[in-house]
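Accompanying notes for the structure given below.
The values are calculated or read from the model by the stated rules, or taken from the named source; none is laboratory data. In this text the structure is predicted, and so the values were computed from the model without any measurement. Methodologically, a virtual Cβ is constructed for each residue, glycine included, from the backbone with ideal geometry; neighbour enumeration extends over all protein chains shown. The protein model used for the area step is the full one, side chains on, heavy atoms only, and it has no ligands, DNA or RNA in it. Shrake-Rupley method; radii C 1.70, N 1.55, O 1.52, S 1.80 Å.
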Amino acid sequence: MHIKTILTQTYHDQNPGTSGLRKKVSVFKQVNYLENFVQAIFDSLENYQGKALVIGGDGRHFNREAIQIIIKIAAANGFGELIIGQNGLLSTPAASHIIRKYGAFGGLILSASHNPAGEHGDFGIKYNVTNGGPAPEKDTLAFFERSKTLEHYQIAEFPDINLDTIGTQTVDGVKITIIDSVADYAELMQSIFDFSLLKQSIQSGYMTLAFDAMSAITGPYAKYIFVDMLGAPLNALQNAQPLEDFGGHHPDPNLIYAHELADLMFSDDAPTFGAASDGDGDRNMIMGKGIFVTPSDSLAILAANATLIPGYANGLKGVARSMPTSQAVDRVAKKLNIPCYETPTGWKFFGNLLDADKITLCGEESFGTGSQHVREKDGLWAVLFWLNLVARRRQSVLDIVEEHWQTYGRDIYSRHDYEAVESSIAQEIMSSLREQIQTLPHQTFGDYTVKYADEFCYHDSIDGSTSANQGFRVGFENGSRIVFRLSGTGTVGATLRIYIERFEPDSNKHNQDPQIALAQLIELAEQFCRVKERTGLTEPTVIT
Ligand code: G16
């Protein structure tokens, strides 16, 4: 193999966020920018010589070029085998599965998730470790540290690899396999869910379905699983062709960005079930006729009903949620008498608990739900879980959710995002919260008395590591909470996220609009952080 060593300028901004390095495409296209980061990753890893690396992405602009570069740097650095999704495509959960199934050393996933794509959009890269999950914080810190001193990278010289044809070839001693992007993942889903019941429920017309792939990665997966395997009509799928610019969509499955689906689900023509996924296929939005299921409620409902699903028939070991996710799943865990863990935002924090078999299900308010089956959150898995539940319980989504609230009470929940806030203002907000937090306990604001106020610090019970500064929590005597944190996934300025929740045990009050039910807490949140006053914004950019 002919290997070139390229001298390069050092970049100082390659600090991975909540989920990998995400930047504007124009930043990634700077000379050697991607090359440096990939070399920094490989320099921080050990003992991968001769082993396999999985490579794939969500198909956004720059995906194919980036893969060709990574192939050559990986070959030059000594990987013995490269397993690549056909056309360069792999959803994040599928990549996680493939790393595990084929015993790969790790994987590089190219995606900026739900961020818009195209020449002027975002690009991203994340490294997943041998268990199939996102690299833990100690690794991502090491990548950043290495990137700040990196002066050269190594790249093999051979022609570009054809990514379109399935098969194996050996190039300069490196085995390069192009695999079907969907087949392994579909087989895994079939091993968890009752496909014959699903097929029967869909083909008999008992369950009708609308799935919006938002012109991103899940199109081919949804087509194979819902249409080819389960017999749904093709028109059940919307935006099912992955496009390099995601068709101009913002592939973030929520009521704002998936509003076409939301409009359909609240109309007279609504099908039984509606769902959407995001850019790289790890997020999910669940809807029924006339109802949107919040991700926090969805996690709680899946946990409460897990034994109805063949893959979880033996029950759950435990559950976990990220800190800002509502406490709905805690109530289910209490009833099931299983542990419930609270982790910082970021899927990487679930990995140790899953590996140690402490939990079976986990999820986040940010439209992410997952389980033991892979080490990433999984959009289509969540959709299949819900479909299986509806088919098994023979109840509508609305009835399932309302019954759940009757049993456990409702954790009324909302998240307010203020996007593209000037970084200095965002820092000012966080500093002022840090000061206030000490004075808040025992103060009363209207109906709410502060029970505790702190900055969340996570102690990982498995590896003993500590992750500090994970957001501010203000908890009230009646169980309500306000949480403030800065997003780790944005690429423009800072995004302030405010999470607000209140527990409502009275079933006569369950059908309230969250914005009205939470009005007092929303005002209090502004009183604490003064984001509107400081930025001049009159309302949140996104409310979910
Ligand atoms: C990523 C992480 C999630 C996190 C979400 C939001 O999701 O994997 O764990 O909850 O970002 O993070 P933040 O609030 O810091 O923006 P994805 O789907 O973007 O990879």
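Can you confirm whether region 455-465 contains a residue that is among the aromatic types (Phe, Trp, Tyr) and out of contact with any Lys or Arg (no Cβ under 8 Å at 6 or more places or on another chain)?
Checked against the condition, which is being among the aromatic types (Phe, Trp, Tyr) and out of contact with any Lys or Arg (no Cβ under 8 Å at 6 or more places or on another chain), region 455-465 yields at least one hit.
Looking only at region 368-404, count how many residues are within 22 Å of residue 501 (Cβ to Cβ) and open to solvent by 20 Å² or more (accessible area, probe 1.4 Å).
4
Do the conditions hold for residue 340, that is, is it free of Cβ contacts under 8 Å to residues at least 24 places away in the same chain and touching a helix residue (DSSP H, G or I) at 6+ places or on another chain (Cβ under 9 Å)?
yes
Which number in (1) open to solvent by 50 Å² or more (accessible area, probe 1.4 Å); (2) touching a residue at least 12 places away in the same chain (Cβ under 8 Å); (3) away from the ligand (no atom under 15 Å from the Cβ); (4) over 27 Å from residue 331 (Cα atoms) marks the one condition that residue 433 misses?
(1)
Output the residue which, of all residues in region 254-304 that are among the aromatic types (Phe, Trp, Tyr) and surrounded by fewer than 24 Cβ atoms within 10 Å (Cβ to Cβ), is modelled with the lowest pLDDT.
Only one residue fits best here, namely 257.
Would you be able to tell me the number of residues in region 341-378 that are among the hydroxyl-bearing types (Ser, Thr, Tyr) and either under 16 Å from residue 100 (Cβ atoms) or away from the ligand (no atom under 14 Å from the Cβ) (or both)?
Qualifying residue count, region 341-378: 3.
Find the residue count for region 84-106, including only residues that are more than 23 Å from residue 242 (Cα to Cα) and open to solvent by 10 Å² or more (accessible area, probe 1.4 Å).
5
Name the residue that is nearest to the ligand (Cβ to nearest atom), counting only residues in region 485-528 that are aromatic (Phe, Trp, Tyr) and out of contact with any Pro (no Cβ under 6 Å at 6 or more places or on another chain).
The extreme case among them is 528.
Do you know which residues across region 213-239 are outside any helix (DSSP H, G or I) and more than 23 Å from residue 119 (Cβ to Cβ)?
Hits for region 213-239 are 230, 231, 232, 233, 237, 238.
Closer than 23 Å to residue 41 by Cα and either in the same structural domain as residue 344 (by TED's automatic domain parsing) or not polar (S, T, N, Q) (or both): is that true of residue 172 in this structure?
yes
Please state which one of 413, 408 is crowded, with 16+ Cβ neighbours inside 10 Å, at pLDDT 95 or above, of a type in the set (Phe, Trp, Tyr) and out of contact with any strand residue (DSSP E or B) (no Cβ under 6 Å at 6 or more places or on another chain).
Of 413, 408, the one residue that is crowded, with 16+ Cβ neighbours inside 10 Å, at pLDDT 95 or above, of a type in the set (Phe, Trp, Tyr) and out of contact with any strand residue (DSSP E or B) (no Cβ under 6 Å at 6 or more places or on another chain) is 408.
What is the residue count in region 162-212 for residues that are assigned to a loop (DSSP other than H, G, I, E, B), in contact (Cβ under 8 Å) with a residue 60 or more places away in the chain and more than 29 Å from residue 52 (Cβ to Cβ)?
Of the residues in that region, 4 qualify.
List every residue pair whose Cβ atoms lie under 6 Å apart, where the two residues are 6 or more positions apart in sequence or sit on different chains, the first residue falls within region 470-489 and is in the same structural domain as residue 415 (by TED's automatic domain parsing), and the second residue, located anywhere, is surrounded by fewer than 18 Cβ atoms within 10 Å (Cβ to Cβ) and among the basic types (Lys, Arg).
475/451; 476/451; 477/451
Looking only at strands (runs of 3 or more DSSP E) that lie completely in region 56-148, which have at least 3 residues being within 14 Å of the ligand (Cβ to nearest atom)?
Of the strands (runs of 3 or more DSSP E) lying wholly inside region 56-148, those with at least 3 residues that are within 14 Å of the ligand (Cβ to nearest atom) span 122-128.
In region 485-544, which residues are under 25 Å from the mean Cα position of the chain (by Cα), aliphatic (A, V, I, L, M), open to solvent by less than 30 Å² (accessible area, probe 1.4 Å) and within 16 Å of residue 324 (Cβ to Cβ)?
Hits for region 485-544 are 496, 498, 500, 542.
Find the residue count for region 461-484, including only residues that are closer than 21 Å to residue 351 by Cβ and either in a strand (DSSP E or B) or within 14 Å of the ligand (Cβ to nearest atom) (or both).
5
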